[in-house]
1. Whole-Å semi-axes of the stretch 2-160's equivalent ellipsoid, largest first, each the root of 5 times a Cα gyration tensor eigenvalue?
2. So, with +1 on the Cβ of K and R and -1 on the Cβ of D and E, and no other charges, what is the size of the charge dipole of the stretch 1-144 about its Cα centre, to the nearest 20 debye?
3. Could you work out how far apart the two model spin labels at residue 67 and residue 122 are, taking each label as a point 7 Å from the Cα in the direction of the beta carbon, and quote it in nm?
4. Give me the extension gain from residue 57 to residue 78: residue separation times 0.36 nm, minus the current Cα-Cα distance, reported in nm with one decimal.
5. Assigning unit charges at the beta carbon (Lys, Arg +1; Asp, Glu -1) and nothing else, what dipole magnitude in debye, to the nearest 20, does the stretch 59-118 show about its Cα centre?
6. Starting from the Cα of residue 15, step 7 Å along the direction of its Cβ; do the same at residue 136; then give the gap between the two resulting points in nm.
7. Between rounded, prolate and oblate, where does the stretch 58-126 land on the alpha carbon gyration tensor, with a ≥ b ≥ c its root eigenvalues, rounded for a/c under 1.5, else prolate if a/b exceeds b/c?
8. Once you order the gyration tensor axes a ≥ b ≥ c over the Cα atoms, which shape class does the stretch 12-75 get: rounded for a/c under 1.5, otherwise prolate or oblate by comparing a/b with b/c?
Amino acid sequence: MNDYLKLLNILCDARVRFVVIGGAAAAAHGSAYPTYDLDICYDRSRDNLDRLAKALEPYHPRLRGVQNNVPFCLDAVTIASGMNFTLTADLGDIDLFGEVIGIGGYKEARALSTTLVVLGFQCAVLSLEGLIRCKRATGRPKDLLMLPEIEALCEMESQVTPPSEPREPSQDGEKPPPHPSLPKAGSELTVSPIPPCLRGKEGGEESL
């Protein structure tokens, strides 16, 4: 089962700082390529590591492709000791990236992000420019296969709208703003229908 809506919900409710990247980001921009996991670039600040680990803990995250008898505990210490994690959980597959090839860490990904609605939630999503940089740097055949479509989407976007300014996170000591996933008081949250490329896995190869 891949419940991306629930995964985004628990991350946003826990106020985890992250940027949606990979196939889910491409789908949010209009890509028709399927993706079978949720990829995020996460802030490696200690408080965010605690939030991320506690948000995922009830859904038993474990290393994907590794035998179940291999000991693994995803807590803040484990995340701080590593960098990128390919995981599966009760809600589906999720990949955590402390660094993204061609981009850098969370700060750089956030600077290259825009706010889009992903499955009804407003999230920071890696821009088309960022996706192009990432896929060119990765250089895998499946990533290069997606490049023409993403470049075409980027060209269309540049002709329609000016680039958006990413929202800076609050500084220590300041009252944090409402999480971007939460609607303003009195407003109605419209949940977008789940596109086919973000539905459950039925076979095929995932895209980063």
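Readers should treat all values here as calculations from the given coordinates under stated rules, not as data from a laboratory. For clarity, every value in this text was computed on a predicted model and none was experimentally measured. Please note: Cβ atoms are built from the backbone with ideal geometry, for glycine as well, and neighbour counts cover all protein chains shown.
1. Working through the eigenvalues yields semi-axes of 26, 16, 15 Å.
2. Using only the charged Cβ atoms, the result is roughly 300 debye.
3. Those two pseudo-labels are separated by 4.9 nm.
4. 6.3 nm
5. Dipole size: approximately 60 debye.
6. Placing both labels 7 Å along Cα→Cβ, they lie 3.8 nm apart.
7. oblate
8. Verdict is oblate for the stretch 12-75.
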